[in-house]
Amino acid sequence: MMIKIAVLGAGGVGGYFGGRLAAAGHEVTFVARGEHLAAMRRDGLVVESVAGDFTVDQVKATADTEEVGEVDYVLLGVKTWQLEPAIASLKPLIGPDTAVVTTQNGVEAPHQVAAAIGSTAVLPGAVEVIAFLDGPGRVRQIGGGGKLTFAEWDNRSTARVERLRDALQGSGLIASVATDIWAALWSKFLALGSVGAIATLANAPYGVLRTRPGTRQLILDSMAEIQQVAKASGIKLPTDAVDTTVAFLDSLPEAGTTSLQRDINAGRPSELEAWTGAVVRIGRQTGTPTPLNTVLYELASTRSQIG
């Protein structure tokens, strides 16, 4: 069964997932702007992928959600710092059964979207893909599998969740319906919230951070604080969550770096507020001490301001 989906943010995540869905015959409209929008309208969307290159020749793309109308699903592919204007543009896309799928890093985006449109319209999600814009109208995927983990807000089974899962799987993507989507989001957050600021301040790759005893312990101590914040927030993380996250970090390329440190190094807007900033904020809201992450946040914030 074909789905009608609007992709807000046609960058690496939105371009790759939306491109796969469009290539499989689903009705996909990309909401983009500038040269990227012009290139897609003129030449289509070109995707280079480790799973096979492809081109979507006839791309539906616009800068205005009013031109799209109601859809079955909205894929929010923007960065956390781009979320506010994206949420403001949602209204024309939303019908009585529309589901908005969040893909942002961190754990706060679903709540931000729900504050505007209601939690029943939100499918909290997390992506695993390494993809980026490689020029106007071009997306390059170099790893990460192309996986979307998602579920209803309350984890119940629904027809729209099954329909989206089938559409993603039928498009060559990996779809996982979580039994506890909040535990899934916080499990991913263990890695982001702990490593991001430490990597930024040390300006070192994964290989250095995990082999130096001191920085490895800092990562573990940061994770321990995040675990306590999760517990205070009512999140039931798996008992092996830290071990699983450490094993994941140990599997990453030695020369790899976090997107947070790359963005701050380049003077671009970053997701620091959604990573370490969120640990500190939610810790404060729940009365959970976060001394290490507070120091990391303040230092990384200062660095992001002075370049």
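Scan segment 116-142 residue by residue and report those that are part of a strand (DSSP E or B) and farther than 10 Å from G11 by Cα. Break it down stepwise before answering.
Within segment 116-142, the first condition is being part of a strand (DSSP E or B), and the residues that meet it are 122-123, 125-133, 138-142.
Those that are part of a strand (DSSP E or B) and farther than 10 Å from G11 by Cα: V122, L123, G125, A126, V127, E128, V129, I130, Q141, I142.
Limited to segment 14-42, what total is found for residues that are of a type in the set (A, V, I, L, M) and open to solvent by 30 Å² or more (accessible area, probe 1.4 Å)?
The qualifying residues number 3.
Those residues that are of a type outside the set (V, I, T) and open to solvent by 10 Å² or more (accessible area, probe 1.4 Å), I need them from segment 87-103; list them, please.
Hits for segment 87-103 are A88, S89, K91, P92, G95, P96, D97.
Close Cβ contacts (under 6 Å, 6 or more residues apart or on different chains) running from residues in segment 250-277 that are open to solvent by 20 Å² or more (accessible area, probe 1.4 Å) and of a type in the set (A, V, I, L, M) to residues that are at pLDDT 90 or above and part of a loop (DSSP other than H, G, I, E, B) comprise A255/P205. Filtered by the rule that a residue be surrounded by fewer than 22 Cβ atoms within 10 Å (Cβ to Cβ), modelled with pLDDT of 95 or more and of a type outside the set (A, V, I, L, M, F, W, C), segment 58-78 gives K60, T62, D64, T65, E66, E67, G69, E70, D72. Find the residue count for segment 183-215, including only residues that are surrounded by fewer than 17 Cβ atoms within 10 Å (Cβ to Cβ) and of a type in the set (K, R). Number of matching residues: 1. Taken together, A114, A126, A131 contain a single residue that is more than 12 Å from the chain's Cα centre (by Cα) and either aliphatic (A, V, I, L, M) or buried (at least 22 other Cβ atoms within 10 Å of the Cβ) (or both), which is A114.
Among residues belonging to segment 69-80 that are assigned to a loop (DSSP other than H, G, I, E, B) and in contact with a helix residue (DSSP H, G or I) (Cβ under 6 Å, 6 or more places away or on another chain), point out the one that is farthest from D166 (Cα to Cα). Among those residues, the one meeting the criterion is V78.
Among the helices (runs of 4 or more DSSP H) confined to segment 213-288, the ones with at least 2 residues that are over 22 Å from the mean Cα position of the chain (by Cα) are located at 213-232, 276-286. Applying a threshold of 6 Å to beta carbon distances and a minimum spacing of six or more residues, or different chains, the list of pairs starting in segment 36-54 at a residue that is in a helix (DSSP H, G or I) and ending at one that is surrounded by 17 or more Cβ atoms within 10 Å (Cβ to Cβ) reads L37/A61; A39/G137; M40/V59; M40/A61; M40/G137; R41/A61; D43/G137.
The values are calculated or read from the model by the stated rules, or taken from the named source; none is laboratory data. A quick note: this is a predicted structure, and the numbers were derived from the prediction, not measured. Virtual Cβ from ideal backbone geometry, glycine too; neighbours counted across all protein chains shown. Surface accessibility is based on the protein's heavy atoms, side chains included, excluding ligands, DNA and RNA. Shrake-Rupley method; radii C 1.70, N 1.55, O 1.52, S 1.80 Å.
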